[in-house]
Amino acid sequence: MRFAFIDAWKEVWSVEFLCRIMQVTSRGFRAWRLRPMSQRQRDDMVILAHIREQHRLSLESYGRPRMTEELQELGLKVGHRRVGRLMRDNGIKIIRTQKYKATTDSNHTFNIAPNLLDQDFSADGPNQKWAGDISYIWTSEGWLYLAVILDLYSRRVIGWAVSNRMKR
């Protein structure tokens, strides 16, 4: 770790200064740089190339468990911890997408209420025009639904209700 730190910062400060700070010899640092890559490091480079390719092919959606499965199907002998370490160390992250959830069903045979406001949200006095809305609130126990009725003149809440389901 010390030598890797020195190698990363040698463009900013001198190697001798960094070696003194890290309490290692500059000779040891040069020997570390000339040392050939270990077999594990070479294997990691090959696995990392496969991870990057699978990451691209999956449209950046495969996390550690699924990536491990894919690599094992390709014939690579890897574990989920190694795959996770390589992904984390190289900044390979998934792009999380939320599933589409339809909240309104417009394809029905029920009567449709007329649009009485017609986008005119101004009112001349209290209790002439009311508007309502439903908000979805995620909690540790699941979804809650908040229904609110507003007076469009005073902008005050006329009534509200909270429930864990949308039906009565």
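What follows draws every value from the coordinates through simple rules; no lab data is involved. Predicted model only: the values in this text are computed from it and were never measured. Virtual Cβ from ideal backbone geometry, glycine too; neighbours counted across all protein chains shown.
Pulled fully out, how much extra length does the chain show between Ser61 and Trp32, if you take 0.36 nm times their separation in residues and subtract their Cα-Cα distance?
Numbers: separation 29, 0.36 × 29 = 10.44 nm, distance 3.73 nm.
Here the segment from Ser61 to Trp32 would lengthen by 6.7 nm.
Grab the DSSP H runs of the chain that are 4 residues or longer, score each as -39,500 (n - 2.57), total them, divide by all residues and round the 222 nm result to the nearest 500 deg cm²/dmol. Please report the intermediate quantities before stating the final value.
Values: 6 runs with 64 residues, N = 168.
Helix-only estimate at 222 nm: -11500 deg cm²/dmol.
Based on the mean of other beta carbon atoms within 10 Å per residue, what is the order of 97-109, 39-51, most packed first?
So the peptides 97-109, 39-51, ranked by packing, come out 39-51, 97-109.
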